[in-house]
Every structure is written in structure tokens, then in C-alpha cells.
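The values are calculated or read from the model by the stated rules, or taken from the named source; none is laboratory data. From a predicted model like this one, the values you see are computed outputs, not experimental measurements. For neighbour counting, all protein chains shown are included, and Cβ atoms are generated from backbone atoms with ideal geometry for every residue, glycine included. In case anyone asks, the SASA skips ligands and DNA or RNA and just uses the protein heavy atoms, side chains included. Shrake-Rupley method; radii C 1.70, N 1.55, O 1.52, S 1.80 Å.
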Amino acid sequence: MRITYIGHATLLLELAGRRILTDPNFDPHLGRFLPRVSPPGIALGALPALDAILLSHAHADHLSFESLRTLPRTIPLYAPPPIARWLTAKGHTNAVPVGPGETIKIGDVSIAAAAAKHVGSRYAVDRWRSAANMYLIDAHAETVFFAGDTALTPETGRLVAERIVASGRQLDVALLPIGHAPWWKFNFRRGHLTSDDALTLFERLDAKILIPYHWGTFRHVTAGAHDAIVRLRARLPEHSRGHQVRIIEPGEAFELEAAAPAN
């Protein structure tokens, strides 16, 4: 398995002979005025052939219409049902709805969706588009959990518990967002993970490896692009599982060999 960090929530997952791209955003700015601080780890035109695209929700940092317009329409584009319908209406006939509790198959890889704790509507007035997904990518010998954007709740790890732990396996990689907000932004954790929350979820998931994302890509109004990762790095030396956190820069990749099958 090979995981390349392209930037923000855009990661290229290569496992079991399949290539899956998450939340593609290759834009030079976020919302037209928040600058990108590092170029995409892989240029949009240099991507390999893809088998699937996963969209977690409709926020501009996760759903870039410009990026989707450039990507081939032959690639299945899996998204929460309200988002898939919206994309279809915009001409993306490759959009496929996947709701919480549903599973799709790409060859030998299954992708299961669960609801994230995040209000993912694009604009303040389109609450009917607020659905947000998390995804578990399961090739049996290789497993990845992509959280999209979510708060930490008792339900956040249920998908992994029911699909992986219950079958006597251990999750290989947890891809978790990290964020930082000033003290006065009191509602931030209602829909986001801080770096501390990500470490807590990592422990609950009992994954072998944590790869954080949501950093090093865009400046935000209330936080810099590196605030969250600086705080995470500071926590790792004292954390019992800090040595299992892999921080990869945009353009870097992490590789994990598949476990040998049990006798």
C-alpha cells in the first residue's frame, strides 16, 4: 500500500492494484482569496489513471469544481447522496451516491461509508446538502480509514469496529484531519478534530499508523497552514503511540507492506 499526500484532504491511495483519490482540490486559492502555501504534491495533470474518486462533503476545501472539471468523467465519483445529485445536475454523470451504511466494490476493494459529524453544506442556505461521509477502504490484507471532516464522537470509530475489529483484524492506516482554531472559536470541535482529538481517535481505532492531513496547504482566516501540525509534533514525544504517527509532506508518500496471510 502506498499513500501520497497531495495536500489538504487530497490523498492518492494505491492498494490491491487500485488507485483512489480523496477530496481532490488542486486550486491555487481557497475561496479565491486564501492562498495555497505549497503546490500540490502531484500536479493534477500528472496523476496516474484512477479507479475511483471519494468525496466526503461539499465544502470548498474538499470539493473543488475546477479540479473535478479537469479530471476524466469516466472515473466513478462517489459522494453522499445529496452531493451526488448536485454534481449530476452540474453535468458530472459519473457521480454515484453512497450513503451511510452502504458499500461499493472496486475489484477486490470494498469501500464502506459512514456519517461524519460535520455540517458539510456548501453555503449557509443549503442545509439539504449538509451530509458528510467517512470511508473505510478494505482490501482485506490492506485497510485504510479516511475520516473526511468530522468531530470526535462515540460513533466516529464504529465503522472500523464493526468491519475490521469484529473480524479479528487491525486497521492499517488511519487518515485523520487535524485542525487548530483560536480559543474564542468555541464551536470548532463540534465539527472538526484538533490534533489532540486525532490522537484520541487514533487510539480508539487502534490503527497501526496515523497519517494526519488538513495542514500545510491553505492559509485560513483564523489559523495558519502549519498551526495544527506544529501542535501535533509537540505532542508526539510524550505520547505513547507517537512513534506510529507518520507526518508526510505534500508530495511525499508512505508505503506499508501488506501483512502475510495467516496460516
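Details
- Protein accessible area in the chain, 1.4 Å probe - carbon and sulfur %: 52
- Qualifying chymotrypsin sites (Phe, Trp or Tyr not before Pro) in the stretch 17-75, where qualification requires a DSSP coil assignment and no more than 11 other C-beta atoms within 10 Å, comprise PHE33.
- Helix-only [θ]222 nm of the chain, DSSP H runs n ≥ 4, -39500 (n - 2.57) each, per residue, nearest 500: -4000 deg cm²/dmol
- Reciprocal of mean inverse Cα separation for the chain (Kirkwood radius, Å): 18.4
- Shown here for the stretch 30-77: trypsin sites (Lys or Arg not before Pro) in loop regions (DSSP other than H, G, I, E, B) with at most 14 other Cβ atoms within 10 Å, namely ARG32, ARG73.
- Separation of alpha-carbon centers, the stretch 1-70 and the stretch 199-263, rounded to whole Å: 18
- Rolling a 1.4 Å probe across all protein chains gives GLU14 an accessible area of roughly 50 Å².
- Cα point-scatterer Debye curve for the stretch 80-147, base-10 log of I(q)/I(0) at q = 0.20, 0.21, 0.22 Å⁻¹: -0.85, -0.91, -0.97
- Net lengthening on full extension, ARG73/LYS185 (0.36 nm per residue, minus Cα-Cα): 36.4 nm
- Separation in nanometres of the label points that stand 7 Å from Cα toward Cβ, at ALA234 and LEU256: 2.8
- Straight-distance candidates among the lysines for linking to LYS105, with alpha-carbon spacing under 27 Å and chain neighbours fewer than 8 residues away dropped: LYS90, LYS117, LYS208.
- FRET efficiency, VAL165 to GLU66 (Cβ-Cβ, R0 35 Å, nearest 0.05): 0.35
- Integer Hz, Karplus 6.51/-1.76/1.60 couplings in order for the stretch 136-150, x for Gly and Pro: 10, 9, 10, 9, 6, 6, 9, 9, 9, 10, 10, 8, x, 10, 7
- Dimensions of the stretch 92-187 along the principal axes, based on C-alpha atoms and rounded to the nearest Å, stand at 43, 37, 17, largest first.
- Once Rg and the Kirkwood radius are both taken over the C-alpha atoms of the stretch 127-263, their ratio Rg/Rh works out to 0.97.
- Once the Cα-Cα distance is subtracted from the 0.36 nm per residue extended length, the ARG219 to VAL119 segment shows a gain of 33.9 nm.
- Taken along the Cα-to-beta-carbon direction at a fixed 7 Å, the label points for THR93 and ALA43 span 3.1 nm.
- Estimated from the Cβ-Cβ distance and a Förster radius of 35 angstrom, the FRET efficiency linking SER110 and LEU34 is about 0.45.
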